[in-house]
Amino acid sequence: MPLMPETQSPPSSTRIDWLMTLCAGWMLVGLYLDGWAHRHIPDLESFFTPWHGVLYSGFFATFGLLGAIAWRNHARGWPWLEAVPPGYRLSLIGMLVFFAGGIGDLIWHTLFGIEAHIDALLSPTHLVLAISGTLIGAGPFRAAWHRAQAATGLIAHLPMLLSLAFGWSILTFFTQFAHSFVRPLASGPAPEAWFYPQALEITGILLQSAIMMGLLLLTVLRWRLPFGSLTVVLTVNTALMSLLELRVGFIAVGLLAGLAGDGLIARLHPSADRTLAFRLFAGALPMIYYALYFVGLKMTTGLWWSLHLWTGAIVMAGVTGWLMSYLLVQPRYGSGPA
């Protein structure tokens, strides 16, 4: 057995990050294809589908890549549990859980049939796959987090940014029943029963604002993001979500909101030391995001909500982001609630 190297962890590299990002993207495409199939093919009655083929082939590609890295580093002297670079140990655990979850999903479908609608999102085996898939896909994000020397430039940040977008997209995929880009309940003519569509849409706006800003604020605190970072993240997520129902016009919402977010970062420089700027950013971005959403509905399919309701929903999105900022940067004792 070779002697264990003096360094505590195997070396990490952007090459590994890029390869893991590509494999995670492969899996994510399979997930969204499967989601599209569940929404549009009501007679889906088999586990062995082309959509599952894309998802699981992406998994095996990822498993092969990280397994090869672990095997090589183990041969150089690292123990198995420490044979992957920092940030990827949870990905390795996620792969083992995903493999077990995939077998469990096959058994579940065999015993209980193929789920449809929200059942497919909340199926226990699907939730196991969701959690483990998030652990796998977030590897490049965690790897970048562990590096003492931060990357410079948008291209160097891309693996981390795409990993962030992928993790966010798994969360939004499994909460798509309360996502405006999949179910724009404020669009078109007013329904006869108006209360529950309004309540569900507003609840979804609050939920999605909290998820979005929780992830983005964490990222803003860790890195000084170059211009274009939020454009990449928001465009990837909105493109994936809007394609579930082929509502491609919503991609423009993510693109424009991302550009606005990058402008806010460039202007405000939000950070833990610039608390007011951090809170302004946290409140402003979700307001811009949903303002663009409602304006887009107004210009295309129509908007049956009153002015009071949709402008109030925008403000509530901002309040949600603003409150999320207090979870990540708490006020100093004796300094007031700033």
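Observations, loosely collected:
- Taking the C-alpha atoms of the range 13-119, convex hull volume expressed per residue in Å³: 105 Å³
- Longest exposed-site-free window of the chain, the sites being chymotrypsin sites (Phe, Trp or Tyr not before Pro) in a DSSP loop that have at most 13 other C-beta atoms within 10 Å: 49-193
- Note on the chain: helix-only mean residue ellipticity at 222 nm, from DSSP H runs of 4+ residues weighted -39500 (n - 2.57) and normalised by residue number, equals -23500 deg cm²/dmol.
- Using distinct alpha-carbon pairs, which all enter the 1/r mean, Kirkwood radius of the range 184-338 in Å: 16.2 Å
- Relative to the compact-globule estimate of 2.2 N^0.38 Å, the Cα radius of gyration of the range 105-146 comes out at 1.54.
- The alpha carbon radius of gyration of the range 267-338, expressed as a multiple of 2.2 N^0.38 Å, is 1.35.
- Taking the charge dipole of the chain about its Cα centre, with +1 at Lys and Arg Cβ atoms and -1 at Asp and Glu Cβ atoms, the residue from 281, 58, 315 reaching farthest to the positive side is 281.
- The Cα trace of the chain gives Rg and Dmax of 21.3, 74 Å, the first to one decimal, the second as a whole number.
- The range 152-267, Rg to Rh (Cα coordinates; Rh as Kirkwood inverse mean 1/r): 1.02
- Contact order, relative form, for the range 267-325: 44 percent (alpha carbon pairs under 8 Å, 6 or more residues apart, mean separation divided by residue count).
- Orientation-averaged projection of the range 245-288 equals 3.4 nm² [convex hull of Cα atoms, one quarter of hull surface area].
- Coarse-grained scattering of the range 56-124 at q = 0.12 Å⁻¹, given as base-10 log I(q)/I(0) from a Debye sum over alpha-carbon atoms: -0.44
- Accessible area in square angstrom per residue, the chain, 1.4 angstrom probe: 49 Å²
- Based on Cα contacts under 8 Å between residues 6+ apart, the chain shows a relative contact order of 15 percent.
- Radius of gyration, Dmax [the range 47-184; alpha carbons; angstrom]: 16.9, 55
- Legend: helices of the chain (whole DSSP H runs) are marked when their alpha-carbon atoms reach 18 angstrom or more along the helix axis and their mean Kyte-Doolittle hydropathy is at least 1.0; marked are 89-112, 124-137, 154-173, 195-222, 229-243, 251-268, 275-299, 307-328.
- On a per residue basis, the convex hull of the C-alpha atoms belonging to the range 208-260 measures out at 69 Å³.
The values are calculated or read from the model by the stated rules, or taken from the named source; none is laboratory data. This structure is a prediction, so every number in the text was calculated from the model and none was measured. Here Cβ is always computed from backbone atoms with ideal geometry, including for glycine, and neighbour counts include all displayed protein chains. Accessible surface areas use protein heavy atoms only, side chains included; no ligands, DNA or RNA. Shrake-Rupley method; radii C 1.70, N 1.55, O 1.52, S 1.80 Å.
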